[in-house]
Amino acid sequence: MPEIITTIAELRARVADARRVAHQDGPSDAPTGRVVLVPTMGALHEGHLRLVSQARDLGGFVVVSIFVNPLQFGPGEDLERYPRTLDADVTALEGLADVVFAPSASEMYPSGPSETRVIAGESGLLFEGASRPGHFDGVLTVVSKLFNIVQPDVAVFGQKDAQQVHVIGRMVDDLNLPVSIAVVDTVRESDGLALSSRNRYLDDDQRLAAVTLSRALGAGAERAGDGVEASLRAARAHVEADPAVKLDYLAIVDPDTFREASPDHHGPALMLIAARVGTTRLIDNQRLTT
């Protein structure tokens, strides 16, 4: 089983010890002395485990953080009911993670919510940021804290949260943080639904409706060669055909800037979708070329 650590001081000491042992013992014990971090909020599913497996493949000492970060939840969001399954999570990480960092909110924010925040800027005000004001400021603040605590060489994130990956990557570049970002493709159910901790909120009928998101993205991708507007029309028509799915946003963006692609955009692009199925809000995305 991975070691469970709940305090910042103990984790820092453990990571420092792992680096020291790796350098002393050489390639036979830890090939690079690398430290790899996988930040999560727990309730782990196969998508998370794919991230951790990728981290393990990178070699070195693997730290998985499990922390439901209150700063990234707005009023009326599901902070209190967000699933917390630490025992099951630790069991699932056997053989994949060396350490699970599972701090309390008071450990991460001993004086209450931080006055000092990392601000996501304009990219953090779009799409998810528009629907969830302050969300990405909370994400960047906790990720920057984790980077400072663990000081990883590599951090691993999932493509399903594409905008999150973008703002974190920009933070790393803008602030010259000494960490590389690795991105793992979205893991899906056999019918195409992107794995998410929130899928467990769906009842049977809602679960059937939820696959509309990925099918809409597929419909958009099929028409991408006809241009941005044709691709969006095809995806939107697919969503509008299912009254159980309430669209929040649907957009095609330039993956380098995360700004909406112009109608005459040609080249790599990213289609984004967010919708509610019942009371559960789901997101997904699809790479395409217009």
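Remarks
- Test for T85: is it surrounded by fewer than 20 Cβ atoms within 10 Å (Cβ to Cβ) and β-branched (V, I, T): yes
- Test: residue in segment 207-221 that is of a type outside the set (V, I, T) and either at positive phi or not in a helix (DSSP H, G or I) (or both): no
- Those residues of segment 229-247 which are touching an Asp or Glu at 6+ places or on another chain (Cβ under 9 Å) and within 15 Å of N285 (Cβ to Cβ), in sequence order: S231, L247
- Sole residue being open to solvent by 20 Å² or more (accessible area, probe 1.4 Å) and of a type outside the set (A, V, I, L, M, F, W, C), chosen from G47, G42, G74, G59: G74
- Helices (runs of 4 or more DSSP H) wholly inside segment 1-94 containing at least 3 residues that are closer than 22 Å to D185 by Cβ: 46-58
- The C-beta contact set for segment 1-27 (first residue over 20 Å from L146 (Cα atoms), second residue modelled with pLDDT under 95 and loosely packed, with under 14 Cβ neighbours inside 10 Å, distance under 7 angstrom, 6+ apart or interchain) comprises V21/D29; A22/D29.
- Residues (within 17 Å of V99 (Cα to Cα) and in contact with a strand residue (DSSP E or B) (Cβ under 6 Å, 6 or more places away or on another chain)) located in segment 144-185: L146, V150, P152, D153, V154, A155, V156
- Test: residue in segment 197-218 that is assigned by the TED database to the domain that holds V277, open to solvent by 40 Å² or more (accessible area, probe 1.4 Å), more than 26 Å from M41 (Cα to Cα) and free of Cβ contacts under 8 Å to residues at least 24 places away in the same chain: yes
- Conditions (1) over 24 Å from R19 (Cα atoms); (2) crowded, with 17+ Cβ neighbours inside 10 Å; number of the one not met by S144: (1)
- Of all residues in segment 223-264 being within 17 Å of A162 (Cβ to Cβ) and in a loop (DSSP other than H, G, I, E, B), the one that is farthest from the chain's Cα centre (by Cα): A261
- Candidate set: segment 96-124, residues that are aliphatic (A, V, I, L, M) and surrounded by 15 or more Cβ atoms within 10 Å (Cβ to Cβ); chosen: the one farthest from V64 (Cα to Cα): A120
- Residue in segment 155-171 that is part of a loop (DSSP other than H, G, I, E, B), open to solvent by 20 Å² or more (accessible area, probe 1.4 Å) and at pLDDT 95 or above present: no
- Criterion violated by A120 - all others in (1) touching a residue at least 60 places away in the same chain (Cβ under 8 Å); (2) in a loop (DSSP other than H, G, I, E, B) satisfied: (1)
- Restricting D264, D242 to those that are open to solvent by 60 Å² or more (accessible area, probe 1.4 Å), of a type in the set (D, E), touching a residue at least 24 places away in the same chain (Cβ under 8 Å) and outside the structural domain of L126 (by the TED database) reduces the list to D264.
The values are calculated or read from the model by the stated rules, or taken from the named source; none is laboratory data. Note that the structure is predicted; figures quoted are calculated from it, not measured. Quick reminder, even Gly has a Cβ in these numbers, built from the backbone with ideal geometry, and neighbours come from all protein chains shown. SASA here: full protein model, heavy atoms, side chains in, ligands and nucleic acids out. Shrake-Rupley method; radii C 1.70, N 1.55, O 1.52, S 1.80 Å.
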